[in-house]
There are 2 protein chains.
Amino acid sequence: MNGPGKGGAGAPDTGTPRVLDSLDAFRAWWAERRAACRLRVTEVGLTALDQWHLDPASGNLRHASGRFFTVEGLQVQAAGCPLTSQPVINQPEIGMLGILVREIDGVPHCLMQAKTEPGNVNTLQLSPTVQATRSNYTQVHRGRGTPYLEYFTGRTRGEVLADVLQSEQGAWFWRKRNRNMVVKVPGDVPDDVPGAANFRWLPLPLLHRLLAVDNLVNMDARTVLACMLFLRPRADAARSDAAGPDALDRSFAATSRGALHTMREVLSWFTEAKTWCDWSARLVPLSAVDRWTVGGDRITDDEGRDFSILGFRVEAAGREVARWSQPLLRPHGRGLAILLVRPVNGVLHVLLEARAEYGLLDLVEMGPSCQLRPGADRSAVGEPFLREPDFGLRIRQAAGAVRYDATLSEEGGRFHHALTRYRIVEVGADFPVEVPKSYCWLTVSQVMRLLRHGHYLNVEARTLLACLSGSARPPAPPPS
Amino acid sequence: MNGPGKGGAGAPDTGTPRVLDSLDAFRAWWAERRAACRLRVTEVGLTALDQWHLDPASGNLRHASGRFFTVEGLQVQAAGCPLTSQPVINQPEIGMLGILVREIDGVPHCLMQAKTEPGNVNTLQLSPTVQATRSNYTQVHRGRGTPYLEYFTGRTRGEVLADVLQSEQGAWFWRKRNRNMVVKVPGDVPDDVPGAANFRWLPLPLLHRLLAVDNLVNMDARTVLACMLFLRPRADAARSDAAGPDALDRSFAATSRGALHTMREVLSWFTEAKTWCDWSARLVPLSAVDRWTVGGDRITDDEGRDFSILGFRVEAAGREVARWSQPLLRPHGRGLAILLVRPVNGVLHVLLEARAEYGLLDLVEMGPSCQLRPGADRSAVGEPFLREPDFGLRIRQAAGAVRYDATLSEEGGRFHHALTRYRIVEVGADFPVEVPKSYCWLTVSQVMRLLRHGHYLNVEARTLLACLSGSARPPAPPPS
């Protein structure tokens with residue numbers, strides 16, 4: 001690999017963003033970034049937050065500007081059941097998560113960013129090229145401009161390989177989506193941007209290895225990586241994809257071969273799952289939420305098994321603004337997400353569950369084979385939508401080759417220390433292809449086709465699909 | 001055509017549902033159905049409705065059972081603007097719209113139903129095989145069972161050709177979707193069902209001709225017909241589609257040839273359009289809606305240019321229950337929807353607009369080239385989202401061959417005398433392929449691919465696409 005603009009981690013921090021072509025080079029850069037990272041996060045209680053207030057009428061927690069997000073109530077009306085409710089983060093704006101891609105000697109490289117977030121358990125994680133709320137890029141909080149945003153939105157933007165709105169946690173967010181973009185540029189991009197030292201080009205195979213490291217690749221990077229599954233780390237495949245605008249379409253069409261189900265059957269199964277929902281959800285004032293205590297310093301569920309909303313003061317260097325305060329959602333425990341994979345007819349299939357979550361825009365998305373919210377395994381109630389508890393247990397206990405096992409962080413800009421253990425287990429022919437009706441085996445290619453559209457794969461499933469890309473290799477050692 | 005189970009319109013009303021193989025046969029049957037149809041609809045005012053009440057606390061209009069639908073408030077918060085609001089119909093349940101299809105001598109035939117709805121301007125219209133709210137088919141109002149529903153949902157169901165949730169009017173409904181299904185059966189189906197005389201098999205080419213008749217094919221039939229555009233009326237094409245489960249996938253993949261834009265570009269354009277929305281909508285109590293008067297007999301906008309909610313008593317024969325009362329939404333004028341089509345590179349393209357509507361689940365869908373709500377042409381405000389008024393006017397005035405021009409009814413179960421004039425105009429090379437950014441030229445094949453998924457084509461665009469199928473033929477004379 002001797003592409004243009006390439007440089008070692010020790011190169012001076014001027015000129016074009018540099019390429020990290022080995023794990024060692026990455027480790028050196030990451031250690032340097034960790035040393036340079038200064039973010040102090042202090043819990044201060046909700047009433048001590050600057051510009052954030054609990055509205056006297058509604059009880060909602062909101063910013064004085066009316067922007068960013070609010071914490072409101074989510075009320076669920078299910079047929080024949082009493083109303084239930086919970087707090088929820090409402091952020092109707094569509095943010096941007098974008099990764100710039102270029103080829104060097106036929107290998108796709110991604111421009112990644114070392115980025116701090118106040119909720120991260122380890123402060124610094126590897127992020128997309130661009131990770132910006134609409135408030136960020138329309139400059140509502142008067143910070144500095146977002147580097148490289150013009151490659152995704154401006155007239156100078158590159159070749160768009162993927163551009164789709166994808167959902168985020170339906171248990172904590174009200175109908176939240178972000179725009180996931182992958183944009184290809186022909187060569188290097190300038191580095192006369194704020195925080196240039198935080199940007200590096202990483203070869204896709206290295207990025208796949210880094211996904212195996214605990215709490216390194218952040219949620220926003222993972223969801224975008226899932227939307228670029230069609231980019232193969234090998235040069236030949238990458239080139240064939242670039243052969244023409246519809247090469248990808250043709251590869252999609254060819255890939256139902258060997259699939260257990262046609263795409264028509266998959267889509268019909270998924271549509272049917274939405275019709276099982278006999279509930280509807282709506283926003284209500286936070287003051288109308290039962291069984292949660294809204295106190296001066298926090299909002300928390302009375303049983304202590306769900307989550308709290310806490311207030312934090314943040315002092316930072318190298319971010320858009322140097323000091324701010326904000327609420328974060330802290331779950332009461334770790335989540336668990338398991339993806340079973342199995343070759344059938346010589347083609348790798350993944351087991352997905354049609355999974356309802358109250359905060360999802362369209363009721364149901366396809367989740368991992370098994371997904372437990374933080375605390376759900378300790379709870380008497382468990383997951384509200386788990387239709388097949390016995391089969392769910394069978395998935396959790398399935399024996400097979402562990403292809404992936406790591407603990408990763410959920411979005412550190414909204415959640416505080418929200419960790420999920422992600423596992424991919426390859427099962428054998430003893431695990432059935434006939435599954436209960438809320439489950440379906442899909443090929444990876446079928447999932448790739450669905451990922452061109454929103455509302456299909458939930459964020460936990462997308463993380464696991466991103467991790468599956470690199471899971472054939474042995475996990476990399478931690479970088480530092 | 002001499003398929004099994006075929007019979008003339010004069011055959012006795014026993015045995016299997018009969019095939020109507022000519023316009024004359026259809027006319028005879030339809031005249032008979034109109035004569036048999038007894039539906040008396042009387043406006044009585046909202047307070048006189050049986051089981052419907054204006055809730056004292058919220059002001060919402062609701063049924064005593066909590067089922068069916070409610071009329072609530074929709075509040076819009078746009079960046080930097082005062083709040084605006086309007087009444088909206090909230091019906092979170094997912095209904096079923098299904099058409100049964102069978103081949104007779106290689107020609108697809110659809111099992112259609114003559115069905116009365118209280119809001120229809122002419123009472124009786126041609127409907128899908130199954131048109132049922134969830135309340136209908138879960139028997140909430142204790143009516144008779146829905147004929148043929150088991151072919152769509154039961155264990156005995158046929159081959160599913162299409163199965164997708166599609167939206168309905170975003171100006172009047174809060175995030176309403178219905179399940180659109182096309183199911184193929186190998187032969188005839190029994191007619192020992194309630195109202196068997198209302199069901200007939202119609203060849204697809206005849207159905208296409210009937211689409212040109214004013215107020216004949218109802219909205220529910222049109223949206224399902226749009227989801228089966230891939231079914232060609234010719235025997236050879238119909239057979240090749242049946243060749244294998246992925247024949248359709250292959251045809252989809254081949255059809256970007258000649259397209260002005262790749263599917264990636266189309267999807268990116270559409271995603272981008274959603275990010276232009278700097279507003280969010282939510283349900284609020286109807287009592288919180290400004291500039292609308294909620295009186296004892298009706299709910300209406302103070303300026304008289306939008307719509308009213310009125311109360312009706314209905315006495316029927318041949319429906320699930322013989323007598324009921326319900327509210328209906330009556331628009332203050334007729335709508336207008338125009339689709340421009342143009343061959344480019346020898347391939348027919350249609351001009352669609354990325355169109356925001358406050359009631360849509362996902363902010364924006366692709367609408368016709370030009371869509372005006374009832375009253376919008378008489379209004380000073382006009383369409384709230386019309387970004388390009390000059391280009392909109394150019395579309396309305398575009399000269400070309402009129403391929404379709406008829407007035408059709410919107411859903412008569414929720415709307416009272418809601419009529420839209422639908423026009424399809426084929427323009428020539430003088431109409432530009434470069435269009436303002438809220439518009440895009442797509443091939444019909446690209447639209448067919450998008451129709452496998454929800455959230456892409458709005459209900460007015462779907463009507464026009466259904467009408468495009470038959471528009472190469474001269475319009476049929478009215479049936480009676």
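Residues in the range A:390-419 that are among the polar types (S, T, N, Q) and surrounded by fewer than 22 Cβ atoms within 10 Å (Cβ to Cβ) were compared, and the one that is farthest from the chain's Cα centre (by Cα) is A:Gln397.
Here's a check for you: in the range A:415-461, which residue that is among the acidic types (Asp, Glu) and touching a residue at least 40 places away in the same chain (Cβ under 8 Å) is nearest to the other protein chains (Cβ to nearest Cβ)?
As a first pass, look at the range A:415-461 and keep what is among the acidic types (Asp, Glu): A:426, A:430, A:434, A:460.
If we keep only those that are touching a residue at least 40 places away in the same chain (Cβ under 8 Å) as well, we get A:426, A:460.
Numbers: A:Glu426: 26, A:Glu460: 21 Å.
So the residue we want is A:Glu460.
Sub-6 Å Cβ pairs linking a first residue in the range A:111-136 that is away from chain B (no Cβ under 14 Å) to a second residue that is open to solvent by 10 Å² or more (accessible area, probe 1.4 Å) and among the basic types (Lys, Arg), at least 6 apart or interchain, are A:Ala114/A:Arg33; A:Leu124/A:Arg34; A:Ser127/A:Lys115, ordered by first then second residue.
Applying a threshold of 8 Å to beta carbon distances and a minimum spacing of six or more residues, or different chains, the list of pairs starting in the range B:171-200 at a residue that is at negative phi and ending at one that is open to solvent by 20 Å² or more (accessible area, probe 1.4 Å) and aromatic (Phe, Trp, Tyr) reads B:Ala171/B:Tyr358; B:Val183/B:Tyr151; B:Val185/B:Tyr151; B:Val189/B:Tyr151. Every listed requirement among (1) of a type in the set (Asp, Glu); (2) within 14 Å of chain B (Cβ to nearest Cβ); (3) open to solvent by less than 30 Å² (accessible area, probe 1.4 Å) is met by A:Glu159 save one, (3). Of the residues making up the range A:420-444, just one is closer than 19 Å to A:Val224 by Cβ and open to solvent by 20 Å² or more (accessible area, probe 1.4 Å), namely A:Val444. Would you confirm whether or not the range B:299-314 contains a residue that is open to solvent by 50 Å² or more (accessible area, probe 1.4 Å), away from chain A (no Cβ under 14 Å) and farther than 29 Å from B:Ala79 by Cα? Yes, the range B:299-314 has at least one match. Of the strands (runs of 3 or more DSSP E) contained entirely in the range A:343-392, those carrying at least 2 residues that are at pLDDT below 95 and within 19 Å of A:Leu451 (Cα to Cα) fall at A:347-356. Within the option set A:Ala259, A:Ala288, A:Ala281, being of a type outside the set (Phe, Trp, Tyr), closer than 30 Å to A:Thr70 by Cβ, under 28 Å from the mean Cα position of the chain (by Cα) and more than 7 Å from every other protein chain (Cβ to nearest Cβ) holds for one residue only, A:Ala281.
Taken as a whole, the range B:190-202 holds no residue that is open to solvent by less than 10 Å² (accessible area, probe 1.4 Å), within 14 Å of chain A (Cβ to nearest Cβ) and closer than 30 Å to A:Val266 by Cα.
Taking the numbered list (1) surrounded by fewer than 18 Cβ atoms within 10 Å (Cβ to Cβ); (2) at pLDDT below 90 in turn, A:Val294 passes all entries but (1). Selection of the range A:411-427 for residues being part of a strand (DSSP E or B) and in contact with a helix residue (DSSP H, G or I) (Cβ under 8 Å, 6 or more places away or on another chain) yields A:Thr420, A:Tyr422, A:Ile424. Inclusion of B:Ala237 among residues that are modelled with pLDDT under 85 and more than 10 Å from chain A (Cβ to nearest Cβ) is warranted.
The values are calculated or read from the model by the stated rules, or taken from the named source; none is laboratory data. From a predicted model like this one, the values you see are computed outputs, not experimental measurements. A quick note on method: Cβ atoms are made from the backbone with ideal geometry, for glycine too, and the neighbour counts reach across all protein chains shown. Side chains are part of the model used for accessible areas, which takes the heavy atoms of the whole protein and leaves out ligands, DNA and RNA. Shrake-Rupley method; radii C 1.70, N 1.55, O 1.52, S 1.80 Å.
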